[in-house]
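One structure is given below, encoded as C-alpha cells.
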Amino acid sequence: MTQISGGDDEAGAALAVLRAMVAIADSTVAHTTEQLTLTQFRVLRVVAERTPVTMGKVAEELAANPSTVTRACDRLAALELLQKAQNPLNRRETLLAPTAKGRQLVDRVDHERRRVLTGVLDRLDGDVRAEVLTAFARFADAASPTFARGK
C-alpha cells in the first residue's frame, strides 16, 4: 500500500493519488510522443478541445505564461501538429488549430492513458473498483467549478 507522507490525513491520501495520476500522465506522454514535453502536450490538448482558440485563451486555460505557450506552439507547429493563422477579426491575435496529425497524437495518448488506467483498475476487487470509480466521478464534479479543464 502507498505510504502517505505527513500522516494518514485525507489531503495526504488525495496527494498520493494525484502523484500516481501525474506519473501516469507523464509516462503516457513520454511513451506515446517521445518528442513533446508535458507542457507542449497540454497545449496541444487544449487546442484540440477548444478549436479554434487564441494563444491567450490557451495560456489562460493552462494558467501558463503567454511566452511559454508561444514557445510550445512554435514547437508544435514545427512538428506539424498545430496550425497557426492570424485572426481575421483581430490581427493582433493568432488562432490555433490542431492538424490531423496533432489530433491523432492526442487520440493515441488518450488511448494509452485508458489502457494504463484500465490495468490499474483491473487490479482492484469488484466492490473496491466500483467505489473508486464513484469517488473519481464525485471528485471530478467537486473539482470542476475550479478546474474545469479536461472535460
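The values are calculated or read from the model by the stated rules, or taken from the named source; none is laboratory data. Since this is a predicted model, take the numbers as computed values, not measurements. FYI the Cβ positions are ideal-geometry reconstructions off the backbone, even for glycines, and counts take in every protein chain you see.
See the values below:
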item	result
Residue check for residue 107: of a type in the set (Asp, Glu), under 19 Å from residue 25 (Cα atoms) and surrounded by 11 or more Cβ atoms within 10 Å (Cβ to Cβ)	yes
Sole exception among (1) part of a helix (DSSP H, G or I); (2) free of Cβ contacts under 8 Å to residues at least 24 places away in the same chain for residue 40, by number	(2)
Check on residue 51, more than 21 Å from residue 26 (Cβ to Cβ), modelled with pLDDT of 95 or more, touching a Leu at 6+ places or on another chain (Cβ under 8 Å) and polar (S, T, N, Q)	no
The listed residue being under 22 Å from residue 22 (Cα atoms) and either out of contact with any Phe, Trp or Tyr (no Cβ under 9 Å at 6 or more places or on another chain) or touching a residue at least 60 places away in the same chain (Cβ under 8 Å) (or both), out of 75, 103, 91	103
Residue 32 being in contact (Cβ under 8 Å) with a residue 24 or more places away in the chain, assigned to a helix (DSSP H, G or I) and closer than 22 Å to residue 115 by Cα	yes
Qualifying helices (runs of 4 or more DSSP H) (wholly inside region 57-151; at least 2 residues being under 14 Å from the mean Cα position of the chain (by Cα))	100-122
Residues satisfying the stated conditions in region 110-134, i.e. among the basic types (Lys, Arg) and surrounded by fewer than 14 Cβ atoms within 10 Å (Cβ to Cβ)	114, 115, 123
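Conditions (1) touching a Pro at 6+ places or on another chain (Cβ under 6 Å); (2) under 22 Å from residue 30 (Cβ atoms), marked per residue:
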position: 56; (1), (2): no, no
position: 95; (1), (2): yes, no
position: 102; (1), (2): no, yes
position: 113; (1), (2): no, yes
position: 128; (1), (2): no, no
position: 136; (1), (2): no, no
position: 140; (1), (2): no, no
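One line per residue, one yes/no per condition, for (1) surrounded by 17 or more Cβ atoms within 10 Å (Cβ to Cβ); (2) touching a Cys at 6+ places or on another chain (Cβ under 6 Å); (3) not aliphatic (A, V, I, L, M):
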| site | (1), (2), (3) |
| --- | --- |
| 52 | no, no, yes |
| 57 | yes, no, yes |
| 62 | yes, no, no |
| 75 | yes, no, yes |
| 81 | yes, no, no |
| 87 | no, no, yes |
| 91 | no, no, yes |
| 100 | no, no, no |
